[in-house]
Structure formats: structure tokens, C-alpha cells
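Report on the structure given below.
Just so it is clear, none of the values below were taken in a lab; they were calculated from the coordinates. The model shown is predicted, which means the values in this text are computed figures rather than measured ones. Neighbour counts are summed over all protein chains in view; Cβ atoms, including those assigned to glycine, are modelled from backbone coordinates with ideal geometry.
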Amino acid sequence: VPVVILIVGPATWVEKFPEARGTRQSPVDIVTSRASSGGSAPPLVWRYSVNHPRSVVNPGYCWRVDENGYDSELRGGPLGSDVYKLQQWHCHWGSVNGEGSEHTVDGRAFSGELHLVHWNTSKYNSFTEAAGQPDGLAVLGVLLMVGSKHDELDKVVRLLPYIQHKGDKVTFSEPLNPANLLPKRIAYWTYPGSLTTPPCTESVTWILFKEPVQVSAEQVRLNLCYYVNGKNV
Ligand SMILES: NS(=O)(=O)c1ccc(-n2ccn(-c3ccc(F)cc3F)c2=O)cc1
Ligand SMILES: [Zn+2]
């Protein structure tokens, strides 16, 4: 019986998204021995709005929190003199524990990875415009490992039962500070890369924190569970 192999993963993305064939595609494996030291880069600085309504959406993979245009700022580090604004943040989980992150460090994967997606408001007028420019986006990446429960993240995880299907959305106004999603030590690796999923546009300055953040096994299970139901893996 002829075996039909249906390839739906990254290997087919190049057909519809030519950017995926590019020279600065993400994610990558961070080979720590080959990373150069930060030299005299200025400190990375961020400020986020806490008390505004946010929406949690099931985009068909994992979940995404939209910042709904409220003010925020990310500047410094590798971002030159431009100021970036938080547009949305979302997560990537694996189908089994211990292999959900997109980036790997010396070949090691983590249980999940949080992405805070910012766009360059100094040079562009909208997220859509910035998303197509080489210096348009900056994404803070946070590696997630199983450990103690993450209280800030739990404000989203506890809403997942209400967005079990693609397209579902729930709005909440509980105060939440995205800065609390970041690790205590803010050492990071940075490199010019791309969106890790279609349209794979090469418009992202990646800033991946070295220190993983802990989430509980139950929080991973909940994500996997709704990730499976929501994305219908
Ligand atoms: N995982 S990640 O690299 O952080 C990542 C991967 C893909 C996206 N993404 C997918 C579609 N878009 C998008 C949505 C609206 C738009 F106007 C332009 C876009 F590129 C987007 O930003 C956003 C972030
Ligand atoms: Zn992402």
C-alpha cells in the first residue's frame, strides 16, 4: 500500500512563505561557546502598562495575549536609539514535557518558551508595517522550565478553559505586569532573526534571556491539555 506522507511542518512553509528560505531564520540553537560577550551595549530597559484590559486569544496554537495598544516601552541593549512597544505575548509548548521551546541552548530544549513581541514605534506607524522591516520587531524570549508555580503567568493559564477552540477570545482586566514574566537576572543572547512561524519574516531582533523561568508541572499540563484541544494537534 503506497504510504502517503503528509508534510505540514516547517518543511512546507517555503512554498507559501519564501522568507522561510532566508539567511536569518529563527529559531536557532544558541551555541554558548560561540556567543561573543556583550561588549559595551547599553542596558536593556522596559516599562509596561499594568492596569488595562487584555485579551487572551486561541490563535490555533497555544495562546496569545493582546496588549490592545496600551502604552509600553522597550529600548536599549541591541535596539540602538529606537523605542519598541509591546504588541502581544504568547507561548510555545511541546507535546511532551521537556521539549517545547523553540530555541535550544547547546542543543538543550526547555519545556516551553514565552515570546513578548514588540514593534519599532520610532521608525514605523503600525505593527503591520514594522513586521515587514529588518529592524521592525524585537522579541523577548523567556525559556520555561518545570519548577515552582508562576503566579503572574497563572493569571492567563487559569483562563485557558474558556478559549478551548481556535478563534476563542476572553478579555480580562485583572492587573498584570508583563515585567513579572521575565527572569530576575536579565543577561541575554541577541541575534538578528525572523518570526518562527509563517510568514517567517526576517524582521526580528531576538533577545533571549539566559536564565529560565520556572512554571509548575500543572501549568505545563494545562497548557499541553488546552494546547492540544485548542490547537487540536
Ligand atoms: N514566535 S514569534 O517569532 O514570536 C512570532 C511568530 C509569528 C508572528 N506573527 C504571525 C503573523 N503575524 C502578523 C500578524 C499581523 C500582521 F499585520 C503581520 C504579521 F506578521 C505575526 O506577527 C508573531 C510572532
Ligand atoms: Zn513565538
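Data table
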| read-out | value |
| --- | --- |
| Added length on full extension, which subtracts the Cα-Cα distance from 0.36 nm per residue, Gln214 to Ala179 | 11.1 nm |
| The chain, relative contact order [Cα under 8 Å, separation at least 6], % | 25 |
| Rh by Kirkwood over Cα pairs, then Stokes-Einstein D for the range 64-185 at 1.002 mPa s and 20 °C, µm²/s | 135 |
| Charge-dipole axis of the chain as Lys and Arg at +1 and Asp and Glu at -1 on Cβ define it, positive-most pick from Ser81, Ser203, Ser40 | Ser40 |
| Rotationally averaged projected area of the chain (alpha carbon convex hull; nm²) | 13.9 |
| The range 147-207 and the range 14-29: distance between their alpha carbon centers, rounded to Å | 22 |
| Long-range lysine pairs (8 or more apart or interchain), the chain, Cα under 15 Å | 5 |
| Rel. contact order, % - alpha carbon contacts under 8 angstrom, at least six apart, the range 65-104 | 33 |
